[in-house]
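Encoded as structure tokens, the structure appears first; notes follow it.
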Amino acid sequence: MSIAAPHHLHRDQRQHIERLARLDTNAQVAAQDVNPTIQRSWLRCLNEYKLDPTQPRPARVVPHHTLIEHRDAVDELLNVARAGVEQLYSQIARLNYVLLLADCRGITVEFRGDPGQDAALRRAGLYLGADWNERFAGTCAVGTCLHDGEAIICHRQEHFDASHIALTCTAAPICDPHGNMMAVLDISALNSPKASESQNFGLSLVTLYARMIEDAYFLQRYRDTLVIRFDTAREFVHVNGRGLIALEESGRIIAANSVGRRLISAHQQRWPSWSNTLQLSLDALFDGEIADILAINRAHFDKLCAFRARANDTTYFVSLLELKRAPREAAKVSAASLPAPLARLGADDPAIRNVQRLALRLCDETTVNVLISGETGTGKEVVARALHDSSQRRHAPFVAVNCAAIPEALIESELFGYAPGAFTGGHPKGMRGLIAKADGGTLFLDEIGDMPLALQTRLLRVIAEREVVPLGAQAPCKVDIRIITATHRHIDTLVAQGAFREDLYYRLNGAQLSLPALRERADQHQLIRRVFDDLVAERADDRPAPSLRADAMSALLAYSWPGNIRELKNALAFALMIADGNEITVNDLPERCLSQRITKPRLEPDEVSTESHALAVLLHQQRWNVSAVARLLGVSRPTIYRQMKRQNIVPPHRQS
Ligand SMILES: Nc1ncnc2c1ncn2[C@@H]1O[C@H](COP(=O)(O)OP(=O)(O)OP(=O)(O)O)[C@@H](O)[C@H]1O
């Protein structure tokens, strides 16, 4: 090939092209200093794919609808891989690496990277939808790993295309339980140290996470099947046993993870007679009776038993993961012991379980005032109502008052009522206040942090004396109320600032129920389904019930829900409204639920802890569009303006 590197290219790029051109004419010379895997890929690029090294190609990002098709095809894997993707990215983000998960055709179907570098990453092809197939992009970690099925580092000039030679990329394959390549996990950096050894740790890390994702997928696939887990180290089997084999109760092997498959293949090589049959049984693989393996959990105190593998005469320690049916039954029993309104609060989340347990104890303890805390939209009012509905007061009124929504001038008369002629303009017969209306039942005071100081004193009296004095009245009237309050603010901070009475705080906070944010809930999946089913059931027509397609569920699970369950409900109602088929797909979801899938800015825990920061971040994300933030949080615009003022948040265009 003639050497014709374009002059506008950088010197490094021209040298790279000249080197590849020499390889074409004299492969043996170049082979001495190039990793053979990389060199074979270079030759494929030149001879098989007919890529022209003198014409570097910019990264290709597929259109949105094509990306959706690719994501759809690997939806089950994406759901399982999410935790691994987040964990791995949290380890590499500080080192300026990005993470890509590409499907078996080389299209990037999941991505995590620094939003601050969005433009540069997109240019380099480190982006959602980028095509890293070797046939298009030339030698690269994703494409070459896909071709060879082996983990690989592709460091700087090892890339074929001169546009990628500043990158360093490290990738490992993820296979399905039958050994077919499903995806490739990759970490890449725009700029890296020159020495390729710097990437060796990365290779171990990516390989480890690829295996964990592969195993999580395996266990998800075979959750209703018997599975054995085994390792040569006894101590590690329960924690991180490397081999997994799914089997029928007869002992016939159904599938295995990569370690299991290697053992099976070694077995078949050593005992070729077994190669002729696909019906390999576990008692052929290990020197033991199938009944002994199925009895491991009952017969051994540490639920482990040693067996010798016939493939290599090595001793493996084996544990048995039994069918998931039993724990599901157990979960039903514990949920069944809760009153229905409390059981409906959630499925299997530790924080929600605590709330349910405490609420059960408190529902008839009316002398203990309950304070419910949690971000906006997490269901504080729903919990208050569930407490009421589970108590003996359930047939009496539940009166909910949002202290932030009632103008300060009206809140006193609304709460306490007034006597006839108490003030001009008032109703001539006077008015019963909300406190009196809750008599016999529950008074729920939402946003208690917004209660004016003067009224806090009067409320304290209601709590202490259990009586209320309407405005302008001479005598108090007795009330029998259960008081539940809620806040999304840190009341102890308000107390420290003198904006909330300390004695009232202690009175109200007899017991605290803290609700988790939706993004933190372990039962997100079930909750999304429940909210969806409830919305469908509420529809007043007899259209057939639509289904929530897996790609939509995957997007909903990936979103961070700043407005929590309220925002989820709005998003699903929106999707139900605009979907024209009988399925809700990712395309029917509001745009904002998808935006974070490209690059997901994660707030550090200490940032989240200050609510002013959370609001400022949200405003910033929505380009200071107050209406958008109000919609997102499900509150009115004036509420947002009030919060901004209170938290001293000034939009950039108003800053001098
Ligand atoms: N466990 C749940 N299951 C189904 N829907 C729920 C659940 N919890 C809350 N919701 C729904 O989410 C929305 C917000 O709930 P709620 O008003 O109780 O939240 P909140 O924390 O009191 O909000 P705010 O702080 O803004 O007052 C409501 O539409 C409610 O029906």
Considering residues that are of a type in the set (A, V, I, L, M), under 18 Å from Asp348 (Cβ atoms) and modelled with pLDDT of 85 or more, the number found within the range 514-539 is 6
Mind checking which pairs have a first residue in the range 457-478 that is farther than 18 Å from Lys429 by Cα and a second that is basic (Lys, Arg), Cβ under 6 Å, 6 or more apart or different chains? Ile463/Arg507; Glu467/Lys478
Residue count, the range 550-580, condition away from the ligand (no atom under 16 Å from the Cβ) and either in contact (Cβ under 8 Å) with a residue 40 or more places away in the chain or open to solvent by less than 50 Å² (accessible area, probe 1.4 Å) (or both), comes to 10
Just wondering, is there one or more residues in the range 162-169 that are part of a strand (DSSP E or B) and not hydroxyl-bearing (Ser, Thr, Tyr)? yes
Within the bounds of the range 146-155, is there any residue that is within 19 Å of Ser41 (Cα to Cα), part of a helix (DSSP H, G or I) and out of contact with any strand residue (DSSP E or B) (no Cβ under 6 Å at 6 or more places or on another chain)? yes
When the residues of the range 467-509 are filtered to those that are open to solvent by 50 Å² or more (accessible area, probe 1.4 Å) and under 34 Å from the mean Cα position of the chain (by Cα), which remaining residue is nearest to the ligand (Cβ to nearest atom)? His488
Has the range 163-185 got any residue that is free of Cβ contacts under 8 Å to residues at least 24 places away in the same chain and either touching a Pro at 6+ places or on another chain (Cβ under 8 Å) or open to solvent by less than 10 Å² (accessible area, probe 1.4 Å) (or both)? no
So which residues in the range 105-131 are open to solvent by less than 10 Å² (accessible area, probe 1.4 Å) and not β-branched (Val, Ile, Thr), if there are any at all? Gly106, Glu110, Phe111, Arg112, Gly113, Leu121, Gly125, Leu126, Gly129, Ala130
All but one of (1) assigned to a strand (DSSP E or B); (2) within 23 Å of the chain's Cα centre (by Cα) hold for Leu219; state the number of the condition that does not hold. (1)
Out of Thr225, Thr232, sole residue that is touching a residue at least 60 places away in the same chain (Cβ under 8 Å), among the polar types (S, T, N, Q) and more than 19 Å from Val80 (Cα to Cα): Thr232
Any idea how many residues of the range 51-72 are within 38 Å of the chain's Cα centre (by Cα) and surrounded by fewer than 16 Cβ atoms within 10 Å (Cβ to Cβ)? 8
Going residue by residue through the range 540-551, is there one that turns out to be over 30 Å from Asp72 (Cβ atoms) and modelled with pLDDT under 75? yes
Within the range 355-381, track down each residue that is free of Cβ contacts under 8 Å to residues at least 60 places away in the same chain and within 16 Å of the ligand (Cβ to nearest atom). Gln356, Arg357, Leu360
Unique match (being modelled with pLDDT of 90 or more and either in the same structural domain as Ala555 (by TED's automatic domain parsing) or assigned to a helix (DSSP H, G or I) (or both)) among Arg44, Arg19, Arg105: Arg44
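Among Val629, Val608, which is the only one that is among the β-branched types (Val, Ile, Thr) and at pLDDT 70 or above?
Val629
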Taking the range 531-549 as the region of interest, how many residues are free of Cβ contacts under 8 Å to residues at least 40 places away in the same chain and either within 16 Å of the ligand (Cβ to nearest atom) or surrounded by fewer than 17 Cβ atoms within 10 Å (Cβ to Cβ) (or both)? 13
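Scan the range 40-50 residue by residue and report those that are of a type outside the set (Phe, Trp, Tyr), open to solvent by 20 Å² or more (accessible area, probe 1.4 Å) and under 41 Å from the mean Cα position of the chain (by Cα).
Arg40, Arg44
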Looking at the range 255-264, is at least one residue within 15 Å of Phe230 (Cβ to Cβ), basic (Lys, Arg) and open to solvent by 20 Å² or more (accessible area, probe 1.4 Å)? yes
Just give me the residues in the range 445-482 being of a type outside the set (A, V, I, L, M), part of a helix (DSSP H, G or I) and in contact with a helix residue (DSSP H, G or I) (Cβ under 6 Å, 6 or more places away or on another chain), in sequence order. Gly449, Gln456
Just the residues that are open to solvent by less than 30 Å² (accessible area, probe 1.4 Å), within 15 Å of the ligand (Cβ to nearest atom) and of a type in the set (Val, Ile, Thr), please, taken from the range 400-423. Val401
Selection from the range 227-244 of residues outside any loop (DSSP other than H, G, I, E, B) and over 28 Å from the mean Cα position of the chain (by Cα) yields Ile228, Phe230, Asp231, Arg234, Glu235
Scanning for something open to solvent by less than 20 Å² (accessible area, probe 1.4 Å), touching a Cys at 6+ places or on another chain (Cβ under 6 Å) and farther than 26 Å from Glu520 by Cα, does the range 443-464 turn up at least one residue? yes
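The values are calculated or read from the model by the stated rules, or taken from the named source; none is laboratory data. Keep in mind it's a predicted model, so treat the numbers as computed, not measured. Cβ sites come from the backbone with ideal geometry, for glycine too, and all protein chains shown count toward neighbours. With ligands, DNA and RNA removed, areas are computed over all heavy atoms of the protein, side chains included. Shrake-Rupley method; radii C 1.70, N 1.55, O 1.52, S 1.80 Å.
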